[in-house]
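Engineer: This is the structure I want to talk about, given as structure tokens.
Rule-based calculations on the coordinates, nothing more; no lab input. All figures in this text were calculated on a predicted structure; none of them were measured in a lab. Ideal geometry is used to build each Cβ from the backbone, glycine not excepted, and the neighbour counts take in all protein chains shown.
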Amino acid sequence: MSPSQNKHQNQQEYLLDGEILIYIRDGSKRQTWQARFRNPLKDTPRYIRISTKTESKHLAIERAIAEYRDYQSRKFLGLKHGATTIKDLLDGYSSQMNHVERQMAGNFWKIYWSKYIGDKDISKWTSEEWEEYFVWRIKEQINRPEGKFWKSSEKSISANSLKLERIILQRLTKWGYKHNKIARLPMFPAKFFNMDGVHKLPANRRRGRFHHEEEYQKILMPEFSRIRKQLTKEKNIPRPADPEKPWNKETNPYISSAKRQVKFEVRKRMESPDYKFTCQRPRYNLAQFWFVSLLIANTGIRPAEIVKLRHRDISVREDPEDGRWYTIFTITEETSKIGKYREAIARDFHHTWDRYQLFKRETEYYFNEEAKPDDWLFPRVWQNGQLRYDLPIARLNNVMRPHLQRLGLHRTTVEGYEGIQVYYSAYSFRSYYITQRLKEGLNIYTLSKNAGVSIQTIMATYDYSENWAYRTEMTKHFKSLNDEHPDSEHVERLRNSKINWESKSSK
């Protein structure tokens, strides 16, 4: 045998009775061993080819056999793919997610999954390995600076935040299992609040809620009044470029008062005490904040439902019995979060309708469009540098949060939970609406119908005392039958043996 033939023979070798071939490519500058074996998972590719990433024949043999046995174990488990990463599952399942879920999953990937899981093969991860991830996840969020993302506490994270991530991971792994990409469905941690570094707030303390007197009456109402005054000030109202001619989108569009008299207006606004309003805060943005806030505070409609409303969904109707006028919002099955039709009645009679007329006018000024019944109540505003009147706004938080923060109503502490904060949002106005209706004695069944929420959720999530409501309705019924009043001497005897009803009901 010639030396060249002997060298070629040493460059390849069959293992396990010919099941695996290891070899070094002819002409390869680096003498790295490669491995090849038949793919046991599917017909294509026919062979699995890998680099053992070593020049040591002994190590190459070990690695090639380990990879071969890994594929055989995948076949035994019913898998039809090689290694599966979390990104593979995310890319495969993302088309079945809604916009919010995709956004959340993207954030989880960017901040946590890419850092801990990365391109690791998770096709055979056990429940214990996923629990180890969540232990790391909790420590990572606690140690991460707040920066752009919200942190409710410096020492712990919310169990609800982890639940949201668990839901998405459960859906991803379920999809992977269905498509034979992972071996088994893992069991994720069931109760996060038992884990170190996790807190759990009661259902009625998870969002910032406006204090009626100190926050809603003293801060928000004066701000709403100020915005309305500015929107209705005659000299500030946008007009057609040529006020003497009718408005026309193309030839005579609406323009602001500042554009009509640029030099005069800029100097005047800088001298004005309302400079912040007229210069730094866009008129339409303020109109959105004003209208949305009062709409939710007076109807309790969910923010996620409001962004789907069209102009046709708002009407004003007269009560034939007393001649009063009421603003009605039609929540269709497509608009409703729970898929049920309802009509929400504004608590302030026709005043919501009056605000709507003013806001509708502001929308027409801003977009230079005549609002039609089928148009979105809240158009997209800007997307990729263009006004998108044809699309609805995706979320209200970008409208609400900056203004609430400006007013000092961005976040608040939670009584009884030291070091934990919750934030205010558009949903805080819905919470305010429901809480106020409960305090004012609205029947809980009627409230549930108007707000589109179950009685059980109201009782669990809001400051509602079932015992006190029961006491109120029962005593009201009995008094209607016979308004019983004992004499003064009898009252004195009763007082000596009474039990405080309020404290009893709160237990």
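Engineer: How tilted is helix 221-232 with respect to the longest principal axis of the chain? Cα atoms for both, answer in degrees (0 to 90, nearest 10).
Structural biologist: The angle comes out near 80 degrees.
Engineer: Also, I was wondering about something else. If one takes the longest principal axis of the Cα atoms in the chain, at what angle in degrees, from 0 to 90 and to the nearest 10, does the Cα axis of helix 466-481 lie?
Structural biologist: 30
Engineer: Now a separate question. On C-alpha positions alone, give me the angle between the axis of helix 283-299 and the longest principal axis of the chain, in degrees, nearest 10.
Structural biologist: 80
Engineer: For the residue pair Trp109 and Glu492, what label-to-label distance in nm results when each label sits 7 Å from Cα along the Cα-to-beta-carbon direction?
Structural biologist: Going by the 7 Å Cα→Cβ label model, 7.9 nm.
Engineer: May I pose another question? Order the peptides 171-183, 380-392, 120-132 from the highest to the lowest mean number of other Cβ atoms within 10 Å of their residues.
Structural biologist: Packing proxy ranking, top to bottom: 171-183, 120-132, 380-392.
Engineer: As a quick test, which of the pairs Lys57/Lys110; Lys87/Lys163; Lys42/Lys120 have an alpha carbon distance above 30 angstrom in this structure?
Structural biologist: Lys57/Lys110
Engineer: Right, something else. What list of ³J(HN,Hα) couplings, whole Hz, do you get for region 392-406 from phi and the Karplus terms 6.51, -1.76, 1.60, once you set θ to phi - 60° and write x for glycine and proline?
Structural biologist: x, 5, 6, 9, 8, 4, 5, 7, 7, 4, x, 6, 5, 5, 4
Engineer: The list (1) 68, 57, 43; (2) 118, 81, 43; (3) 182, 118, 40 gives values of Cα extents along the principal axes in Å, and only one came from this structure; which label was calculated from it?
Structural biologist: Label of the calculated value: (2).
Engineer: Put +1 on the Cβ of every Lys and Arg and -1 on every Asp and Glu Cβ in the chain; which of Leu231, Met400, Tyr71 then has its Cα farthest towards the positive end of the dipole?
Structural biologist: Going by the Cα projections, it comes out as Tyr71.
Engineer: Too long at a 31 Å Cα-Cα cut-off: which of Lys139/Lys174; Lys340/Lys479; Lys360/Lys449; Lys75/Lys115?
Structural biologist: Lys340/Lys479
Engineer: If packing is taken as the average number of other Cβ atoms within 10 Å across a peptide's residues, how do 474-481, 304-311 rank, most packed first?
Structural biologist: 304-311, 474-481
Engineer: Next question. So what's the net charge close to Ala304: Lys and Arg +1, Asp and Glu -1, counting the other residues with Cβ under 12 Å from its Cβ? All intermediate terms of the calculation are to be shown ahead of the outcome.
Structural biologist: Details: positive: Arg302, Lys308, Lys337, Arg395, Arg430; negative: Glu305.
Result for the neighbourhood of Ala304: +4.
Engineer: Short version: ³J(HN,Hα) in whole Hz for each residue of region 302-319, in order, from phi by Karplus 6.51 cos²θ - 1.76 cosθ + 1.60 (θ = phi - 60°), x for Gly and Pro, what are they?
Structural biologist: Taking θ as phi minus 60°, the curve returns 5, x, 5, 8, 4, 5, 9, 6, 10, 4, 5, 7, 10, 8, 10, 9, 9, 7 Hz for region 302-319.
Engineer: Could you give the Stokes-Einstein D for region 110-247 in µm² per second, using the C-alpha Kirkwood radius, 10 °C, 1.306 mPa s?
Structural biologist: 81
Engineer: Right, here's the next one. Give me the distance in nm between label points sitting 7 Å out from Cα along the Cα-to-Cβ direction at His410 and Tyr341, one decimal.
Structural biologist: 4.4
Engineer: Of Tyr432, Ile111, His211, which is farthest along the charge dipole of the chain in the positive direction, counting Lys and Arg as +1 and Asp and Glu as -1 at C-beta?
Structural biologist: Ile111
Engineer: Right, another one. Could you work out [θ]222 nm for the chain from helices alone, using -39500 (n - 2.57) per DSSP H run of at least four and dividing by all its residues? Round to the nearest 500 deg cm²/dmol.
Structural biologist: Rounded to the nearest 500, it is -13000 deg cm²/dmol.
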